[in-house]
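I have placed the structure first, in the form of structure tokens, so that the comments after it can refer back to it.
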């Protein structure tokens, strides 16, 4: 989903920087961090929803559904 919908971002400030808090533009694997709007992620997940999801996935989905549709989300794979 991130490969087809996500867009690369310049950098974000977070606690995942090499020396603690700072700017990063790549994930732990050297891939560019990508962002999507919450609306895009909600739409993509609608296609794979399952009643057999683990409770953690259901909790994430409940949280996601409460976010404003135009909120920018970033993906950091570690």
Exercise. Just to be sure, is residue 44 in a helix (DSSP H, G or I), out of contact with any helix residue (DSSP H, G or I) (no Cβ under 6 Å at 6 or more places or on another chain) and on the phi < 0 side of the Ramachandran plot?
Worked result: yes
Problem set entry | Filter result (at pLDDT below 90, surrounded by 13 or more Cβ atoms within 10 Å (Cβ to Cβ), part of a loop (DSSP other than H, G, I, E, B) and under 13 Å from the mean Cα position of the chain (by Cα)) within region 47-78 | 76
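The values are calculated or read from the model by the stated rules, or taken from the named source; none is laboratory data. Only a predicted model underlies this, so the values are computations on that prediction, with no experimental measurement involved. Please note: Cβ atoms are built from the backbone with ideal geometry, for glycine as well, and neighbour counts cover all protein chains shown.
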